[in-house]
Amino acid sequence: MSRSAKAEGRGRVAIVTGGARGIGRAIAERLAKQTKCRVVITDVDARGKEVAESLKGYFIQADLSKPEDCRMVVRKTVEKFGTVDILVNNAGIQHISPIKDFPDEAWDRIMAVMLRAPFILTKAVWPIMEAKKRGRIVNIASVHGLVASASKSAYVSAKHGLVGLTKVAALEGGSVGITVNAVCPAYVKTDLVSGQVKDQAKTHGIRESEVLDRVFLEKAAVKRLIEPDEVAALVCYLCSDEASAMTGSAIPIDVGWMAR
């Protein structure tokens, strides 16, 4: 990161949802350390407080499945720092099950956390960014926002919806300086992915030791999991002034999934 890029980010305020671990933590760390943003981490996981403190940031514990918590995050951020310049919608959950067995409550929670929450958060920060004629919104979608896999009906539907929301927001934000992009990773080395191993083995009728090669990496040209910091690097670029011409994009970082 150049000195000019650091200067560019200094003093800006970024909200990162799901920032206690995994991709969200990597994004928060990059924004704080390399672009000198003041980072607000929100997560249902109280461990986010330690992450925020290590970055001299601010932690807001919230359940983003609740609309009032989403609005509270933006309100408390403005009370603390006076503004919002960057919103990274990263928080996510997973449930793996065939449609015929998929619990209604699991569908509803996935949609609430991964689609409704980004909408409500975007709506809440929009007037702030519009007034400044500059804003950056990055939605962490997935390769499953572009293609599908069996037994992930809610996750795939939410991520496809998030890509659609990205495009609509980009069209509305273009005239007021707000860019909105989606990042679409394949499998990333996170707790969310490692937590799928047992269910994936059951769904595919294979041993847990086979899940990495036969499920996670089966479609990959580069046979490895993606590092969280690789996703974070792309997010930081999309938040920069150099990326001001990029909006409405759904960018794969997918070790070659989409090349097939």
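No value in this document is a laboratory result; all are computed from the given coordinates. All figures in this text were calculated on a predicted structure; none of them were measured in a lab. Here the Cβ positions follow ideal geometry from the backbone for every residue, glycine too, while neighbour counts run over all protein chains shown.
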> Given H placed 1.01 Å from N in the peptide plane, which residues other than close sequence neighbours of Ile251 have an amide H under 5 Å from its amide H?
Replying inline: Ala182, Val183, Cys184
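Given the Cα-Cα distance of Ser149 and Leu192 and 0.36 nm per residue of separation, how much length would full extension add, in nm?
On the way: separation 43, 0.36 × 43 = 15.48 nm, distance 1.62 nm.
Between Ser149 and Leu192, full extension yields an extra 13.9 nm.
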>> Using a Debye calculation, one point per C-alpha and no hydration shell, please list log10 I(q)/I(0) for the chain at q = 0.07, 0.08, 0.12, 0.14 Å⁻¹ in order.
In response: -0.22, -0.29, -0.67, -0.91
> Hey, got the dipole for the chain? About the Cα centre, +1 on K and R Cβ, -1 on D and E Cβ, debye to the nearest 20?
Replying inline: 620
> Can you pull the semi-axes for region 1-128, root of five times each eigenvalue of the Cα gyration tensor, sorted largest first, whole Å?
Replying inline: 28, 16, 13
>> Counting only helical runs of four or more DSSP H residues, what would the 222 nm mean residue ellipticity of the chain come to if each run contributes -39,500 (n - 2.57) and the total is spread over all its residues?
In response: -13000 deg cm²/dmol
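With a cut-off of 8 Å between alpha carbons and a minimum separation of six or more residues, what is the relative contact order of the chain in percent? List each step's numbers first, then the result.
Details: 508 pairs, mean separation 49.0, N = 260.
Once divided by the residue count of the chain, the mean separation gives 19 percent.
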> If you rank Ile15, Ile120, Ile178, Ile41 by fewest surrounding Cβ atoms within 10 Å, what's the result?
Replying inline: Ile120, Ile178, Ile15, Ile41
>> At 24 angstrom or more along the helix axis (alpha-carbon based) and mean Kyte-Doolittle of -0.5 or higher, what helices does the chain contain? Whole DSSP H runs only.
In response: 153-173
> For the charge dipole of the chain, defined by +1 on Lys and Arg C-beta atoms and -1 on Asp and Glu C-beta atoms about the Cα centroid, which residue among Leu121, Met111, Leu238 has the Cα displaced farthest towards the positive pole?
Replying inline: Leu238
> Which one of Ala26, Gly82, Ala259 is farthest out on the positive end of the charge dipole of the chain, using unit charges on Cβ (Lys, Arg +1; Asp, Glu -1) and the Cα centre as origin?
Replying inline: Gly82
>> Could you check the spin-label model distance between Ala245 and Asp108? Points 7 Å from the Cα along Cα→Cβ, value in nm.
In response: 4.7
